Structure formats: structure tokens, C-alpha cells
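Notes follow once the structure below has been shown.
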Amino acid sequence: MSTNSALYDSDFYTQQGSASDISARAMVPFLAEALKPRSMVDIGCGMGFWPRAFAQAGVPVCHGVDGAWTHTGTVLTPGKDLFEYDFGQAEMPFSPSLPQARYDLVTSFEFVEHIAPGRADALVDLFCSLADIVALGGAIPHQSGVHHVNEQWADYWSEKFAARGYACCDLLRPVFWDNPEVEPWYAQNTLVYFKGEVPAAISEQAGKAWAKLATRPARIVHPDLWDYAHPPLTVRRAAFNLARAVKRAAFG
């Protein structure tokens, strides 16, 4: 736990807290209305703004799970609606101690990239064991951040959910893409997964939102172009070293 305490200190949560709070208050009313959960749990909840926003939206049971380092400054109450678990160190399969075995909705916003790739399947197993609906957003390649060890395009996660019988719905991105109150990583990365099929009403709602977005040019970047513009550090370092070697050879 010591390494995480150093990584995710009070400065980390102070810097991201306000943005997370504002984003949650902007996105959650829509999520609560569309999905109508009566219970939810947020995995990797940080300071707890997302569970609190769901509670403010009228969801009766709202819990959060994260490490002990989040207790300072949390808006939740440890042991009541905040439950301690270290996903970076715990044995797999994951089994956080929660007041109930199942929820209507699991959420996880910009958390999964902090967990090592070898633990990704255990995370998805946990999400699916807790609920039939999962709203998940994880950092994409080159997004960068504190201890980002598993940045992935969305299909990495959607394939894991598909293998467990969950269908993906791109419901939120067209709604919040240009919302200035929502931080870009939440607007860009969050998808919703449903066990079995996406409900027809939700699918129709997503289709209408995308149709509205399609009436104007959307600023969407192709992954290959994004990767080309952001080569790995090893490639940049090799190019730098080559340029230095050429310069040294040219000038003797």
C-alpha cells in the first residue's frame, strides 16, 4: 500500500477532484435517467464524487471502492458507503467486502488504466459479477497520467466484456462530446456494457444522439494517426540517438 499512498497523495486528488466533481454532476443525471438503477457501486471511486452524484440523482444505494489512500478528503463515509480495497496488491480473483453481492449498475471512471495489464481480466470478472450493466471509461494510449500502466483503446475492454456475454453501447459520447462541464477523458472514453443485448430503448436513444452529432463535422481522430503522432518513448529516444550520432559523425 505504501507505493500507492505516495502515488495518489492529497495533491493528486486535489488536482483532479474539482474536475471530477463537476463532470459527475453533469453526466450522472443523464445516466441515472437512462439506466434507472436502484443501486450502484463505483470501482476506483477516488474521492467519491460519482457515487455522491448518483445519490443526489435519487439512487437509493450508492457505494464506492478504492484504496485506503482515498480516505483523506473523501466525500463518502468509510465503512458506510466507502469500502477499502487495493486492486494493485490484492490476490485474484478480486473480492472486495461489500454490503451486497449484486448491484443494478457498476461504474468505473478513469481507473482501469492504473491497474497492471495482468490484472485486467480479473477486473472485468469483478465488474460482471457485480452487475448486468457496467459504465466503464479507461484512458486511451498516450493520454498520460499518474501511474498509467494500462492505457488501451476501447475495443480492448469491449472484447473482454463480449467474451463474458456483454454488449457494448456507445451511449454517452455523442451526448457529452462537446459539453464544457465534462472533462474530455470522461466524454471520450466512457461506454456502457449490458449483459446479453442492449435494450431497444437504449439503442434507439444512442442512435438518435449519434445522428444528431453527425449533422456537423465531429473532431474525431483515427487511432492510427494518433499513434503516428505520438510514437512510443523508445522510438523517440532511438530517433534522437540516431540524430545525435549522425551529427557527431558529420562534425568529427
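Quick note: the coordinates plus some simple rules give every number you see, no bench work behind them. Owing to the predicted nature of the structure, the values given are computational and were not obtained by experimental measurement. So basically every Cβ, Gly included, is an ideal-geometry build from the backbone, and we count neighbours across all protein chains shown.
Numbers for the structure displayed
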{"item": "Whole-Å semi-axes of the ellipsoid equivalent to the range 2-220 (Cα gyration tensor, √5λ, descending)", "result": "25, 19, 18"}
{"item": "Kirkwood Rh, Cα atoms: Rg over Rh of the range 85-202", "result": "0.95"}
{"item": "GNM top mover of Thr74, Thr190, Thr215 - the chain, alpha-carbon springs below 10 Å", "result": "Thr215"}
{"item": "Cα centroid separation - the range 176-224 against the range 62-93, whole Å", "result": "29 Å"}
{"item": "Reciprocal of mean inverse Cα separation for the range 47-87 (Kirkwood radius, Å)", "result": "10.2 Å"}
{"item": "Point-charge dipole on Cβ atoms (K/R +1, D/E -1) for the chain, about Cα centre, debye to 20", "result": "680 debye"}
{"item": "Along each principal axis, Cα extent of the range 80-139, largest first, Å", "result": "27, 22, 18"}
{"item": "Candidates Trp177, Trp226, Trp153: whichever shows maximal mean-square fluctuation once the chain is modelled as a Gaussian network with Cα springs under 10 Å", "result": "Trp226"}
{"item": "Mean residue ellipticity (222 nm) of the chain, computed from DSSP H runs ≥ 4 via -39,500 (n - 2.57), nearest 500", "result": "-13000 deg cm²/dmol"}
{"item": "Residue with peak Gaussian network fluctuation, the chain [Cα springs, cutoff 10 Å], from Ala57, Ala201, Ala34", "result": "Ala201"}
{"item": "R0 of 25 Å, Cβ-Cβ distance Asn241-Asp121: FRET efficiency to nearest 0.05", "result": "0.10"}
{"item": "DSSP bridge orientation in the chain - percent antiparallel, rounded to nearest 5", "result": "35 percent"}
